[in-house]
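Working notes, structure below.
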Amino acid sequence: MGVLYDYFHAPDHTTAVNQAIGPDGDWLRETSLEEMGADWIDAKGLDPHLVLAQLVAYAEGVPFADQQDTPELIWPALPYPQGEPVAPDSPWGTGLVLQQLPDRWRDVLAALPEDAVPMVAAQWYEIEEVDFADYLDAKDTVDMFTGLAFRARVAGARLYCRCCP
């Protein structure tokens, strides 16, 4: 099994950490986005840096190589222990990571016209990094992301991604 990615929106970093990691970053509590009342989608193995960034590039109509924005690490907030073994009971030892997606990505996806979704989905379906079941699976996933981005923009919230090993 690979890494799982859950995407959701929250008004700020503190709320995002509380919802995705646990109250005040208590990762031992094993918080569920659902039980915390978050508006979220389960995107299975869709990495934000490579896979979602390509979707944003297609939605924007620019080459992926021109994508300048990258997600920002929110948790763990501690510096990574360079040159030292990572303790299994440290936040870094969990493998759990929370990132904020660029607001521009939210806005690009939220503004994608419905009649452009089929073409964007067709382009995204062809990427090497994801093995969508079929074109409709890719289109449904585009619809999930654009819907989440739209709801986040309406709420004045930011998009986040929780990565779980």
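The values are calculated or read from the model by the stated rules, or taken from the named source; none is laboratory data. It should be emphasised that the depicted structure is a prediction, and the values quoted were computed from it without experimental measurement. Cβ coordinates were reconstructed from backbone atoms using ideal geometry, including for glycine residues, and neighbour counts include every protein chain displayed. Heads up: the accessible areas ignore ligands, DNA and RNA and are worked out on the full protein's heavy atoms, side chains in. Shrake-Rupley method; radii C 1.70, N 1.55, O 1.52, S 1.80 Å.
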| field | Number of positions in the stretch 122-145 that are open to solvent by 20 Å² or more (accessible area, probe 1.4 Å) and in contact (Cβ under 8 Å) with a residue 24 or more places away in the chain | value | 5
| request: Identify all residues within the stretch 146-165 that are open to solvent by 40 Å² or more (accessible area, probe 1.4 Å) and on the phi < 0 side of the Ramachandran plot; write none if there are none. | output: Phe150, Arg151, Arg153, Val154, Ala155, Arg158, Pro165
| Looking at (1) at pLDDT below 95; (2) closer than 19 Å to Ala157 by Cα; (3) out of contact with any helix residue (DSSP H, G or I) (no Cβ under 9 Å at 6 or more places or on another chain); (4) not aromatic (Phe, Trp, Tyr), which is the only condition Ile21 fails? | (3)
| task | Could you please give the count of residues in the stretch 24-63 that are under 15 Å from Val130 (Cα atoms), of a type in the set (A, V, I, L, M, F, W, C) and out of contact with any Phe, Trp or Tyr (no Cβ under 6 Å at 6 or more places or on another chain)? | result | 4
| query | Out of all the residues in the stretch 53-70, is one or more within 21 Å of His13 (Cα to Cα), acidic (Asp, Glu) and at pLDDT below 95? | reply | yes
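Residue by residue, here is whether (1) closer than 21 Å to Ala20 by Cα; (2) assigned to a helix (DSSP H, G or I) holds:
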{"site": "Leu112", "(1), (2)": "no, no"}
{"site": "Val120", "(1), (2)": "no, yes"}
{"site": "Phe132", "(1), (2)": "no, no"}
{"site": "Asp137", "(1), (2)": "no, yes"}
{"site": "Val142", "(1), (2)": "no, yes"}
{"site": "Gly147", "(1), (2)": "yes, yes"}
{"site": "Cys161", "(1), (2)": "yes, no"}
